[in-house]
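Notes for the one structure printed next.
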Amino acid sequence: MNKSQHKYSGILTALPTPLTADLQIETAPLVAHVQRLAQGGATDGVVPLGGTGEYTSLSASQRLQIVEATLAAAGDTMHVIPGILSPGVGDAIDNARAFVRAGAKALMVVTPYYFRPTQEGILDYYKRFSDAVDADIILYEIPYRTGVSLHYGTVDKLADMTRVVGIKACNPDLAQQMRAAELASTKMAILTGEEDVAPLHIAMGAVGAVISSSNLVPNQWQRVLGLAMEGKLAESVALHATLRPLIDAIFAEPNPAPLKLAMNLLGWGFGPDVLPPMQAGSAALRARLEQVVPALISRE
């Protein structure tokens, strides 16, 4: 694979948060899983506390516990990029400073939501965050969850005026993604967050992916990324198509419930439950995953 000029690139795995039967966090399975990913060598970094990690349903102390456990498990083997999914600047900065004190060097920070800010408001938000927190920043744009979209001009400006070094792009508007890549791909790492169309984002300038299904099949995702970055798009798309049954299954019900079911089938101890207001995956989905997961795991 062609080496990216960007520090944060490759396969960055969005980690779920393990829970006990009474919905308490449990760090031992998380530590074991991070170590498993590190030893496998196909994972370039991990992202605890994104949407997959149920950031918004955890308390501040629970979030910090997850970050500390992940950092300890990863050591110097790969990037650890905790998510910040707070709607406002005060809570975002408080959590970010705690994560940085614990040892985090980079943070994935979602666009501020609920208030539906203007592009100028978004610029001001990230500038204030950048001034207050000593860490690299990866923007997280996911408008179908937040109701807030980043204009490609805003992305370009943030690369020049803040600590922003990357963006997890979950905008299904491919034209928007292409314009952002044209303007800013030399200034920041474009990272796809859309597993459905990842090879296309890579062809447009993405240098990596922040994804959930790489918890299960990191080697196959690394090959999808590598082929696309080498210009072998048809081969990348063909390999990606073989992952389609898994992608469809783990997003058939709200994330991360299906992923946790899949990991539970493998005996990884993450528990099948999710925190309210989410609901655990259905029996029908479990049966579906029982058909899909073993075949794909056997190719790892």
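The values are calculated or read from the model by the stated rules, or taken from the named source; none is laboratory data. Note that the structure is predicted; figures quoted are calculated from it, not measured. Note: ideal-geometry Cβ built from the backbone for every residue, glycine included; neighbour counts use all protein chains shown. Accessible surface areas use protein heavy atoms only, side chains included; no ligands, DNA or RNA. Shrake-Rupley method; radii C 1.70, N 1.55, O 1.52, S 1.80 Å.
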Whether any residue in the range 220-241 is in contact with a strand residue (DSSP E or B) (Cβ under 8 Å, 6 or more places away or on another chain), touching a residue at least 60 places away in the same chain (Cβ under 8 Å) and either β-branched (Val, Ile, Thr) or open to solvent by 10 Å² or more (accessible area, probe 1.4 Å) (or both) is what I want to check. yes
Could you tell me which numbered condition ALA295 fails, if it satisfies all but one of (1) under 15 Å from VAL217 (Cβ atoms); (2) among the small types (Gly, Ala, Ser); (3) surrounded by 14 or more Cβ atoms within 10 Å (Cβ to Cβ)? (3)
Just to be sure I understand, how many residues within the range 278-293 are in contact (Cβ under 8 Å) with a residue 12 or more places away in the chain and either assigned to a helix (DSSP H, G or I) or within 21 Å of the chain's Cα centre (by Cα) (or both)? 11
Taking the range 86-122 on its own, how many of its residues are surrounded by fewer than 17 Cβ atoms within 10 Å (Cβ to Cβ) and not small (Gly, Ala, Ser)? 14
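Would you confirm, using the coordinates I've provided, whether ALA180 is free of Cβ contacts under 8 Å to residues at least 40 places away in the same chain, surrounded by 22 or more Cβ atoms within 10 Å (Cβ to Cβ), more than 17 Å from the chain's Cα centre (by Cα) and within 30 Å of PHE129 (Cβ to Cβ)? Break it down into steps so the answer makes sense when it comes.
Working: free of Cβ contacts under 8 Å to residues at least 40 places away in the same chain: yes; surrounded by 22 or more Cβ atoms within 10 Å (Cβ to Cβ): yes; more than 17 Å from the chain's Cα centre (by Cα): yes; within 30 Å of PHE129 (Cβ to Cβ): yes.
Yes: the conditions hold for ALA180.
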Which is assigned to a loop (DSSP other than H, G, I, E, B) and either of a type in the set (S, T, N, Q) or touching a helix residue (DSSP H, G or I) at 6+ places or on another chain (Cβ under 9 Å) (or both), of GLN5, GLN35, GLN62? GLN5
The correct count of residues that are on the phi > 0 side of the Ramachandran plot and open to solvent by 10 Å² or more (accessible area, probe 1.4 Å) in the range 30-53 is 1
Which members of the range 38-55 meet the condition of being within 18 Å of the chain's Cα centre (by Cα) and part of a helix (DSSP H, G or I)? ALA38, TYR55
Failed criterion for VAL80 (all others in (1) open to solvent by less than 50 Å² (accessible area, probe 1.4 Å); (2) in contact with a His (Cβ under 9 Å, 6 or more places away or on another chain); (3) closer than 21 Å to GLN65 by Cα hold): (2)
Scan (1) among the aliphatic types (A, V, I, L, M); (2) modelled with pLDDT under 95; (3) over 19 Å from the mean Cα position of the chain (by Cα) for the single condition VAL197 breaks and write down its number. (3)
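Which count do you get for residues in the range 190-214 that are touching a Lys or Arg at 6+ places or on another chain (Cβ under 7 Å) and outside any loop (DSSP other than H, G, I, E, B)?
Counting residues in the range 190-214 that are touching a Lys or Arg at 6+ places or on another chain (Cβ under 7 Å) and outside any loop (DSSP other than H, G, I, E, B) gives 2.
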If you go through the range 245-272 one residue at a time, how many are aliphatic (A, V, I, L, M), out of contact with any Pro (no Cβ under 8 Å at 6 or more places or on another chain) and assigned to a loop (DSSP other than H, G, I, E, B)? 1
Across the range 9-29, what is the number of residues that are open to solvent by less than 10 Å² (accessible area, probe 1.4 Å), closer than 23 Å to LYS168 by Cα and either part of a loop (DSSP other than H, G, I, E, B) or without any contact (Cβ under 8 Å) to a residue 60 or more places away in the chain (or both)? 3
Identify, by number, the condition in (1) buried (at least 20 other Cβ atoms within 10 Å of the Cβ); (2) under 20 Å from the mean Cα position of the chain (by Cα); (3) over 26 Å from THR242 (Cβ atoms) that LEU191 doesn't meet. (3)
How about the range 124-147: which of its residues are surrounded by fewer than 18 Cβ atoms within 10 Å (Cβ to Cβ) and farther than 24 Å from GLN65 by Cα? ASP124, LYS127, ARG128, ASP131, PRO143, TYR144, ARG145, GLY147
